[in-house]
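Single-structure report; data block below.
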Amino acid sequence: MSGGSDVSSPSSGRISTSSLSDLKDLELSSESGCLSIVVLGASGDLAKKKTFPALFNLFQQGFIQSGEVHIFGYARSDISDEGLRERIRGYLKGASDEHLSQFLQLIKYVSGSYDNGAGFELLNKTISENETSENNQPGNSRRLFYLALPPSVYPSVCKMIRSYCMTPSSHTGWTRVIVEKPFGKDLDSAEELSAQLGELFDEEQLYRIDHYLGKELVQNLLVLRFANRFFLPLWNRDNIDNVQIVFREDFGTDGRGGYFDQYGIIRDIIQNHLLQVFCLVAMEKPVSLSPEHIRDEKVKVLQSVSCINHDEVVLGQYDGYKDDPTVPNESNTPTFASVVLRVHNERWDGVPFVLKAGKALSSKKAEIRVQFKDAPGDIFRCKKQGRNEFVIRLQPSEAMYMKLTVKKPGLEMATEQSELDLSYGLRYQDVKIPEAYERLILDTIRGDQQHFVRRDELKAAWEIFTPLLHDIDAGRLKALPYQPGTRGPLEADELSKRMGYVPTLGYVWAPPTLAKF
C-alpha cells in the first residue's frame, strides 16, 4: 500500500498523522494495487457509526488513498450511491467540506439480498469494473469484506462471497472477511458457526473483530508487562492479591432490550471484551510479537482457567429493565454480573480475577485494577488506608497510575495515598489516539491478525462460560434486583471483599487537567 508523509499540506485538508505513523504496529503495507473495501449491512447503525467513520479517519490520515481504494456499501435498502453518502455524511467529523466530498466520492452502493446470488453477482461486477479501471494503480487485487451484520446471516453471506466475489484467480492479491461479535451464544453454536465459515475460508482469511483489542491502552498491556523491568518480578501470585477487570455503563438497554435479552451482559461484554483483557493481563511472555505467538499464549491461559464456581458469581438485573415491552416479563437475563476466574498455573494459582460488568450503574468507565498484597511489617500503621495498586483506565480519560503510600506534607510523620500518574490527555496533548476500529481495519489490510480472535481461542473462551450460561438460562442462578444509578447488587461488593479486595479509604483519583498547571 502506498503512503503519504506524516503531515500533509494545509491545502490537502488532511490532519497530522503522527499519532499513527509514529507507531511501528501501524506502518503501511508495501502492497500496491486496487483495494476494494465492501461494507455489508451498509445502511445499519454499526456501519454508519463505526465502520464508515473509521474508514474516513484512515483516509484523512493517508492510510487509504483515492488512487487505490474503492468503498462499496451493500444492503437490502433500495437507495442510490448518493443516498448512502447522505446517510453517513453526518457521522463523518473533523474535515473540510472538500475533503469530505473526496471521501464520499469513493463510495458506491449496491442493493441486494444476503442469500441470493443476483445481488452478489452485481457487486462482483461493480468491484471488477473498478479493479480494471485505468485510473487504478497496477498491482494486486485486494478485497476486504466487512460484515456489519447480525451473526445469523454470516453463513449465507459468506457462501455468496465465496461463490461470486472472491479475488479472481487471474489476479494476485487476497480476499479477507471481518466478522463482528457475538460469535455464537454458547460453545456448540460458536463451533457450528466456526465450522460453517471454516468450510468457506482459511483461518488466515477470517478476522474475528473484538474492538476492545484495538483500544490504545489494551494494546499497551504487552509493552507495560514485558518491556518494564520493575513489573517482571512483581507480576505473580507472590505479590499480587487480586485483579479486578471492570466495565460500567451509566445507561440501560435504551430501546435495545429485546436484542440484549437474547444475550445478557456475560455474552455481550464479559465473555469477549473483558476476557480478551484478562488474557493480556495473565498470559506468559510470547516468543515474539508474531500474531501466532501472541495468540498461542492467550489460548494457553484460557485453557488454564478452572471451572467457574457458582459461589463466586453474582448476577443482577436493574429495576425497570422489564418495563421494555420487548423484554419478557419473566426474563432472568442479567444486566450485571461479577464473575471470578481462577488460573490454575504456577504464576497465578490462588489469585482471583474478578470480571465485572453492568448497565445502568452510577458511572461509566472501564479499567483494570491490579491490587498488590500488604507490605509486611507495617511500621507506619498505614495498612487501613489501602494497598498499592496499578490501575489502567481504558475509558474514559485514558490513563494509568500507581497508587502509593507517601508521607503527608507537614511536620508529622503521617501517611496518605497518592499516585504516580500518566494521563494520556495531559501527556499526549498533540496526539490523536486512534479509534479501535481504525486500527483493526488497518491491521486487516496489512494482514496482521495479532488483535483478532483465533478459532481455538474462541473455543477455549466458550468452554469457560458455557456451563455458567446454560445454568443461568435454565434458571439455576437468579439475577438479583438493583436500583439504576447504583454500584449494582450489594452482593457484588461483598464478593470482591471475599476475594481479598481492600478498598482505599478517602482516596479518589481525578484526571489531571491543564488548568492545574
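The values are calculated or read from the model by the stated rules, or taken from the named source; none is laboratory data. It should be emphasised that the depicted structure is a prediction, and the values quoted were computed from it without experimental measurement. With ideal geometry, Cβ positions are generated from the backbone for all residues, glycine too; neighbour counts draw on all protein chains shown. For accessibility, only protein heavy atoms count, side chains too; no ligands or nucleic acids. Shrake-Rupley method; radii C 1.70, N 1.55, O 1.52, S 1.80 Å.
Looking across Ala399, Ala360, one residue alone is over 30 Å from Asp473 (Cα atoms), surrounded by 14 or more Cβ atoms within 10 Å (Cβ to Cβ) and among the hydrophobic types (A, V, I, L, M, F, W, C). It is Ala399.
Of all the residues in region 47-84, those that are over 16 Å from Pro434 (Cβ atoms) and either free of Cβ contacts under 8 Å to residues at least 24 places away in the same chain or surrounded by 23 or more Cβ atoms within 10 Å (Cβ to Cβ) (or both) number 9.
For region 239-256, a residue qualifies if it is touching a residue at least 40 places away in the same chain (Cβ under 8 Å) and acidic (Asp, Glu), and the qualifying residues are Asp241, Glu249, Asp250. Checked against (1) modelled with pLDDT under 90; (2) touching a His at 6+ places or on another chain (Cβ under 9 Å); (3) over 28 Å from Lys49 (Cα atoms), Ala436 meets all criteria but (3).
Contact map, region 221-238: first residue farther than 12 Å from Val281 by Cβ, second residue of a type in the set (Asp, Glu), Cβ cut-off under 8 Å, separation 6 or more or different chains; pairs are Arg237/Asp349. Residue check: is Leu100 in a helix (DSSP H, G or I), more than 21 Å from Met166 (Cα to Cα) and open to solvent by less than 10 Å² (accessible area, probe 1.4 Å)? Against the criterion (in a helix (DSSP H, G or I), more than 21 Å from Met166 (Cα to Cα) and open to solvent by less than 10 Å² (accessible area, probe 1.4 Å)), Leu100 does not qualify.
Matching residues to (1) open to solvent by 10 Å² or more (accessible area, probe 1.4 Å); (2) out of contact with any His (no Cβ under 8 Å at 6 or more places or on another chain); (3) modelled with pLDDT of 95 or more:
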{"residue": "Glu192", "(1), (2), (3)": "yes, yes, no"}
{"residue": "Glu203", "(1), (2), (3)": "yes, yes, no"}
{"residue": "Asp210", "(1), (2), (3)": "no, no, no"}
{"residue": "Lys215", "(1), (2), (3)": "yes, yes, no"}
{"residue": "Asn220", "(1), (2), (3)": "yes, yes, no"}
{"residue": "Leu224", "(1), (2), (3)": "yes, yes, no"}
{"residue": "Pro233", "(1), (2), (3)": "yes, yes, no"}
{"residue": "Arg237", "(1), (2), (3)": "yes, yes, yes"}
{"residue": "Asn242", "(1), (2), (3)": "no, yes, yes"}
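For region 145-180, the set of residues classified as part of a strand (DSSP E or B) and open to solvent by 20 Å² or more (accessible area, probe 1.4 Å) consists of Gly173, Trp174, Arg176, listed by residue number. Of all residues in region 407-416 being assigned to a strand (DSSP E or B) and open to solvent by 50 Å² or more (accessible area, probe 1.4 Å), which is nearest to Phe372 (Cα to Cα)? Top of the filtered list is Glu416. Annotation: Glu463 fulfils all but one of (1) under 19 Å from the mean Cα position of the chain (by Cα); (2) modelled with pLDDT of 85 or more; (3) not in a strand (DSSP E or B); the unmet one is (1). Is it the case that region 123-130 has a residue that's without any contact (Cβ under 8 Å) to a residue 40 or more places away in the chain and surrounded by fewer than 16 Cβ atoms within 10 Å (Cβ to Cβ)? The answer is yes, given that some residue of region 123-130 is without any contact (Cβ under 8 Å) to a residue 40 or more places away in the chain and surrounded by fewer than 16 Cβ atoms within 10 Å (Cβ to Cβ). With respect to (1) surrounded by 20 or more Cβ atoms within 10 Å (Cβ to Cβ); (2) closer than 30 Å to Phe59 by Cα, the lone exception for Ala461 is condition (2). May I ask you to verify whether Arg76 is farther than 24 Å from Ile161 by Cα and either in contact with a Leu (Cβ under 7 Å, 6 or more places away or on another chain) or at pLDDT 90 or above (or both)? Spelling it out, it is not the case that Arg76 is farther than 24 Å from Ile161 by Cα and either in contact with a Leu (Cβ under 7 Å, 6 or more places away or on another chain) or at pLDDT 90 or above (or both). Of all the listed residues (Leu477, Leu490, Leu442, Leu468), the sole one being farther than 25 Å from Trp235 by Cβ, among the aliphatic types (A, V, I, L, M) and not assigned by the TED database to the domain that holds Val301 is Leu442.
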